[in-house]
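Participant: Below is the structure I would like to discuss, written out as structure tokens.
The values are calculated or read from the model by the stated rules, or taken from the named source; none is laboratory data. Worth saying up front: this structure is predicted, and the values here are computed from it rather than measured. Heads up, the Cβs are rebuilt from the backbone with ideal geometry, glycines too, and the neighbour counts pull from every protein chain shown.
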Amino acid sequence: MTKATHATDPSATTDATPGPPEPSADAAAIPARGTVDPFAAGAEVMRAHAEAQYAGELAALAAADDRPRPPSWRLSPWAVATYLLGGRLPDGTEITPKYIGQRRLVEVAVATLATDRALLLLGVPGTAKTWVSEHLAAAVSGDSTLLVQGTSGTPEEAIRYGWNYARLLAEGPSRAAVVPSPVMRAMERGAVARIEELTRIPSDVQDALITILSEKTLPIPELDDEVQARQGFNVIATANDRDRGVNELSSALKRRFNMVVLPLPADPEEEVGIVSRRVAELGAALGLPLELDALAEIRRVVTVFRELRSGVTADGRTKLKSPTSTLSTAEAISVVTSGAALATHFGDGVLRAADVAAGLSGAVVKDPVQDGLVWAEYLETVVKERPGWDDLYRSCRDLA
Ligand SMILES: Nc1ncnc2c1ncn2[C@@H]1O[C@H](COP(=O)(O)OP(=O)(O)O)[C@@H](O)[C@H]1O
Ligand SMILES: [Mg+2]
């Protein structure tokens with residue numbers, strides 16, 4: 001056994017004699033190929049979970065929070081809403097806003113989680129459904145990782161449980177051979193489970209949720225056993241409005257959810273605010289400088305997105321064709337972030353038209369023929385004619 005492991009161990013040297021593994025001090029001195037990259041050592045994870053990234057804010061909220069907490073909740077509903085919407089605590093701690101939008105929507109979402117009904121966040125792509133769900137789970141349960149990613153191939157095991165077949169064969173069915181799903185673990189712990197893109201999951205698999213949500217139990221018939229949810233268990237699911245109909249939620253399941261629709265940002269300034277804030281946060285994580293002067297280009301990107309999305313220019317005078325692409329706030333964020341990388345590494349630190357042009361046309365033109373025409377027409381009739389936009393026009397034309 002030791003021999004076999006040793007032979008395939010990539011840290012083993014070719015002339016190693018069979019026997020117990022080398023002391024770990026030696027292994028550390030010469031990192032094996034493919035295991036430790038000395039340049040990456042010490043680098044942080046690319047994206048920390050919300051509960052890690054905002055641990056300081058969550059701790060300050062817990063300390064300041066003297067309101068009643070539902071069973072198993074880390075914070076009171078008031079503090080969870082403050083974590084999402086931002087605010088200042090009595091001790092002066094600044095809580096950054098995570099979600100920018102109507103306070104009431106967040107309050108309804110948080111209040112739902114304190115009931116026995118589950119929460120379904122609906123909206124077009126890029127309206128922060130996933131983002132809000134992660135932060136809610138982090139604030140309520142201190143753990144946003146109990147996550148099921150819904151796809152057309154999501155099996156029932158992802159919602160109920162699977163089996164460790166080696167154990168099952170060796171020992172027969174037992175609780176030790178059960179591989180719990182994130183939902184099962186959330187039930188055991190009294191925590192929030194997240195289900196992404198619920199409507200993409202085949203409907204017979206979705207139905208596995210009905211008993212869980214209505215009876216708060218997950219039967220394990222093979223063992224004549226069950227897992228009963230502890231207090232604090234709940235589910236946050238997300239679904240895109242546009243997908244509706246792919247796997248229409250059954251009415252039995254729909255009745256188990258309170259739905260909260262996250263809208264697109266109401267006005268341009270709100271959207272510019274969201275994009276600026278997120279670009280600054282993402283830029284900091286990517287090592288891009290914070291002082292990048294980007295506001296002017298962010299305004300233009302948001303204007304282009306909003307005009308094409310709504311099919312009319314901002315002044316309401318010219319009707320436009322809309323492309324097939326989503327043009328969500330999230331995509332505006334990534335257009336500006338890519339532009340910021342160009343400006344930082346190859347420009348003078350100011351975000352300019354040439355830095356956003358490629359991202360912009362890439363975001364608009366998803367279907368090369370249909371969207372290409374829409375984009376060309378928009379460039380000629382709107383961008384070209386708009387005072388002060390000739391640099392953007394030229395940069396976009398240069399790419400065509
Ligand atoms: N109203 C908003 N407030 C804060 N961030 C937002 C808002 N709308 C979009 N975003 C940002 O958009 C990005 C993508 O959102 P995401 O949750 O993936 O969208 P969805 O799941 O709805 O498709 C996130 O980085 C989020 O910060
Ligand atoms: Mg999402």
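Participant: When the residues of segment 130-152 are narrowed to those that are at pLDDT 95 or above and away from ligand 1 (no atom under 14 Å from the Cβ), which ends up surrounded by the most Cβ atoms within 10 Å (Cβ to Cβ)?
Facilitator: Per the criteria, the residue is ALA139.
Participant: Would you confirm, using the coordinates I've provided, whether LEU113 is in contact (Cβ under 8 Å) with a residue 40 or more places away in the chain and within 11 Å of ligand 1 (Cβ to nearest atom)?
Facilitator: no
Participant: For ASN258, are the conditions met, namely being within 12 Å of ligand 1 (Cβ to nearest atom) and either surrounded by fewer than 14 Cβ atoms within 10 Å (Cβ to Cβ) or not aliphatic (A, V, I, L, M) (or both)?
Facilitator: Judged against the criteria, ASN258 is not a match.
Participant: Then there is this: Could you please find all residues in segment 117-129 being within 8 Å of ligand 1 (Cβ to nearest atom) and either without any contact (Cβ under 8 Å) to a residue 40 or more places away in the chain or closer than 20 Å to LEU253 by Cβ (or both)?
Facilitator: Correct list: LEU121, GLY123, LYS129.
Participant: Then there is this: Of all residues in segment 99-144, count the ones that are within 11 Å of ligand 2 (Cβ to nearest atom) and farther than 20 Å from LEU198 by Cα.
Facilitator: The qualifying residues number 0.
Participant: Has segment 302-323 got at least one residue that is within 30 Å of ALA186 (Cβ to Cβ) and in contact with a Lys or Arg (Cβ under 8 Å, 6 or more places away or on another chain)?
Facilitator: No: segment 302-323 contains no residue that is within 30 Å of ALA186 (Cβ to Cβ) and in contact with a Lys or Arg (Cβ under 8 Å, 6 or more places away or on another chain).
Participant: Give all pairs with beta carbons closer than 6 Å in which a residue from segment 52-80 that is under 26 Å from ALA285 (Cα atoms) meets a residue that is among the small types (Gly, Ala, Ser) and at pLDDT 95 or above; count only pairs at least 6 apart in sequence or on separate chains.
Facilitator: LEU61/ALA79; VAL80/ALA139
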